[in-house]
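Here's the structure we're looking at; comments come further down.
The values are calculated or read from the model by the stated rules, or taken from the named source; none is laboratory data. It should be emphasised that the depicted structure is a prediction, and the values quoted were computed from it without experimental measurement. Glycine gets a Cβ as well: all are built from the backbone with ideal geometry, and neighbour counts include every protein chain shown. Heads up: the accessible areas ignore ligands, DNA and RNA and are worked out on the full protein's heavy atoms, side chains in. Shrake-Rupley method; radii C 1.70, N 1.55, O 1.52, S 1.80 Å.
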Amino acid sequence: MGSRHLTIGLSLTATWRKGTRPLDEADAEASRKGTIGFNVELAKMAENAKLDFVFKPDFTGGPPSGAGQRSRTDKPASPENAAVGLDPLLMLAAVSQETDKIGLVTTASTTFNPPYQVARQLQSLNWMSNGRAGWNIVTSMDGAQNFSDEPLPSPEARYRRAAEFTDVVRDLWNSNQFGGDAAPIDHRGEFFSVRGPLAIPAHPAGRIPLFQAGASDAGRDFAASVADAIFGAIPDLAAGIELRGDLRRRAAQKGRSPDDIRVLPGLYFFLARTREEARELHRLGHAHLGREKRVESVRSIIGLDIGEMDDDDRVMASFLPDPQTPVRSRTHADLLRRFIAENEPTVEELLARPEVVGSAHWVSVGTVDDVIQDIVTWHEAGAIDGFISLPGGSWGSMQLFFEELMPRLSEMGLFRKEYEGSSLGAHLGIG
């Protein structure tokens, strides 16, 4: 795997708030500090642990199910509102003023924004944070109704637009170099006509790192072309090995070094002092999803109805609908179809899958030792270059991650003990 340490970020979403359970310290913290203060607190915790970056996702179609509801305290500054709500770039601009070194990765859609605006906003965040900005490039799976009456373009069209959009943004960043002359880019393409130059110069820290979150064939090809890291949907070890190997091959085919791209799955962890406590956290986190909801989830992901089958019946590969059936997320559909084709699981096994219960992320449940062993196993197997931390179950689970798990990774030589630079590019080792 080489000597490069793991790349680790923290998602600024209240993932521990899923499920039905009593109020805990996280709710009290969010209510006391308010939405911005709460996110600043999380970012400071991540910076104290020397993480590479914090990451703020976005949902242009509206908040995910349950995200917009108020907490049981009925106060607006709840963890749910902290999860989505505010514009991610504005949120991270506030965080930038309260932190010093941790990277700030915001999300911006190439489907619903003009490239000049995104280029200017990201470079502004880069200056506000002294070189710590990063861009998570998304093509968006929904939300068209909030921007026009036009339907969402096909995935192929969205990725063609994303490729041109990214080229324009990078050209704009390069059009106004710090201490040099600015020059128009005079771009004319399939989707955009942009004269330039950008009104704000590039930051001396270097280029803004690019992240990408698609794992479909088109998404992989795009990521291999431009991304420094991909936020992969990887529910198991085999999927991680396959995705990372494929991306490295594609990067090489495009003239890049395979090491230029990092695979960073979401690590949805449920940490506790004992395995029994951790398993209970996980159970509570998904207790609200009864059999009917899980069956409906399978139907919505891949178009397969298993509602009349018994739990011990096997779901055969031959049951799968035509792979060209329209789906909301090709990434999630491909993951679930592959699992069924390779394993022909029982209905009970299928309904327990991460994709079905609302997450295609890697899930690890147990003590600090257990989760560290999972991380080491995946790293040594070549499935990951790092991960995005998604604390599950409770505030205490996240505290164990920062106070015990991260120091252990540093002691093992898998992660840094101190920052060596102050920009996101420096943390990632890129110019």
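Of the residues Ile234, Ile208, which is farther than 16 Å from Leu335 by Cα and not in a helix (DSSP H, G or I)? Going through Ile234, Ile208 in turn, just one is farther than 16 Å from Leu335 by Cα and not in a helix (DSSP H, G or I): Ile208. The single condition from (1) under 26 Å from Thr274 (Cβ atoms); (2) out of contact with any helix residue (DSSP H, G or I) (no Cβ under 7 Å at 6 or more places or on another chain); (3) of a type in the set (D, E, K, R) that Asp385 fails is (1).
Of the set (1) open to solvent by 10 Å² or more (accessible area, probe 1.4 Å); (2) under 20 Å from Pro114 (Cβ atoms); (3) not in a loop (DSSP other than H, G, I, E, B), all apply to Arg250 but (2).
Do we have Val298 as open to solvent by less than 10 Å² (accessible area, probe 1.4 Å) and free of Cβ contacts under 8 Å to residues at least 60 places away in the same chain here? Reasoning before the result, please.
Values: open to solvent by less than 10 Å² (accessible area, probe 1.4 Å): yes; free of Cβ contacts under 8 Å to residues at least 60 places away in the same chain: yes.
Judged against the criteria, Val298 is a match.
Return the residues of segment 409-430 that are more than 21 Å from Trp378 (Cα to Cα) and part of a loop (DSSP other than H, G, I, E, B); say none if nothing qualifies. Give the steps one after another, and end with the answer.
So the first thing to find is which residues in segment 409-430 are more than 21 Å from Trp378 (Cα to Cα), and the list is 417-427, 429-430.
Residues satisfying the conditions are Lys417, Glu418, Tyr419, Glu420, Gly421, Ser422, Ser423, Gly429, Ile430.
In the set Asp181, Asp186, only one residue is at pLDDT below 95 and surrounded by fewer than 19 Cβ atoms within 10 Å (Cβ to Cβ); that residue is Asp181.
Is it the case that Ser193 is open to solvent by 40 Å² or more (accessible area, probe 1.4 Å), at pLDDT below 95 and among the small types (Gly, Ala, Ser)? Outline the logic, then answer.
On the way: open to solvent by 40 Å² or more (accessible area, probe 1.4 Å): yes; at pLDDT below 95: no; among the small types (Gly, Ala, Ser): yes.
Considered against the rule, which asks whether it is open to solvent by 40 Å² or more (accessible area, probe 1.4 Å), at pLDDT below 95 and among the small types (Gly, Ala, Ser), Ser193 comes out as no.
Inside segment 184-198, residues that are part of a loop (DSSP other than H, G, I, E, B) and in contact with a strand residue (DSSP E or B) (Cβ under 6 Å, 6 or more places away or on another chain) make up a count of 2.
Those residues that are assigned to a helix (DSSP H, G or I) and touching a Phe, Trp or Tyr at 6+ places or on another chain (Cβ under 8 Å), I need them from segment 211-220; list them, please. Residues satisfying the conditions are Ala218, Gly219. Filtered by the rule that a residue be in a loop (DSSP other than H, G, I, E, B) and open to solvent by 40 Å² or more (accessible area, probe 1.4 Å), segment 343-352 gives Glu344, Ala352. Considering segment 134-183, and only residues there that are under 26 Å from the mean Cα position of the chain (by Cα), without any contact (Cβ under 8 Å) to a residue 24 or more places away in the chain and assigned to a loop (DSSP other than H, G, I, E, B), the residue that is nearest to Ser422 (Cα to Cα) turns out to be Ser154. Considering segment 314-339, and only residues there that are charged (D, E, K, R), closer than 27 Å to Glu156 by Cα and not in a helix (DSSP H, G or I), the residue that is modelled with the highest pLDDT turns out to be Asp322.
Answer yes or no as to whether Gly255 is part of a loop (DSSP other than H, G, I, E, B), buried (at least 18 other Cβ atoms within 10 Å of the Cβ) and without any contact (Cβ under 8 Å) to a residue 40 or more places away in the chain.
Values: part of a loop (DSSP other than H, G, I, E, B): yes; buried (at least 18 other Cβ atoms within 10 Å of the Cβ): no; without any contact (Cβ under 8 Å) to a residue 40 or more places away in the chain: yes.
Criteria not met by Gly255.
Restricting attention to segment 265-295, the residues that are part of a loop (DSSP other than H, G, I, E, B) and farther than 30 Å from Pro326 by Cβ total 4. Taking the numbered list (1) part of a helix (DSSP H, G or I); (2) modelled with pLDDT under 80 in turn, Thr20 passes all entries but (1). At positive phi and modelled with pLDDT under 95: does that describe Gly143? Yes: the conditions hold for Gly143.
Every residue, every condition in (1) in a helix (DSSP H, G or I); (2) under 24 Å from the mean Cα position of the chain (by Cα), yes or no:
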{"residue": "Ile241", "(1), (2)": "yes, yes"}
{"residue": "Asp259", "(1), (2)": "yes, yes"}
{"residue": "Ser297", "(1), (2)": "yes, yes"}
{"residue": "Ile301", "(1), (2)": "yes, yes"}
{"residue": "Met309", "(1), (2)": "no, no"}
{"residue": "Asp312", "(1), (2)": "no, no"}
{"residue": "Ala341", "(1), (2)": "yes, no"}
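Going through (1) touching a residue at least 60 places away in the same chain (Cβ under 8 Å); (2) assigned to a loop (DSSP other than H, G, I, E, B); (3) hydroxyl-bearing (Ser, Thr, Tyr) one by one, Thr99 falls short only on (1).
Checking each residue in segment 373-392 for being open to solvent by less than 10 Å² (accessible area, probe 1.4 Å) and outside any strand (DSSP E or B) picks out Ile375, Ala383, Ile384, Gly392.
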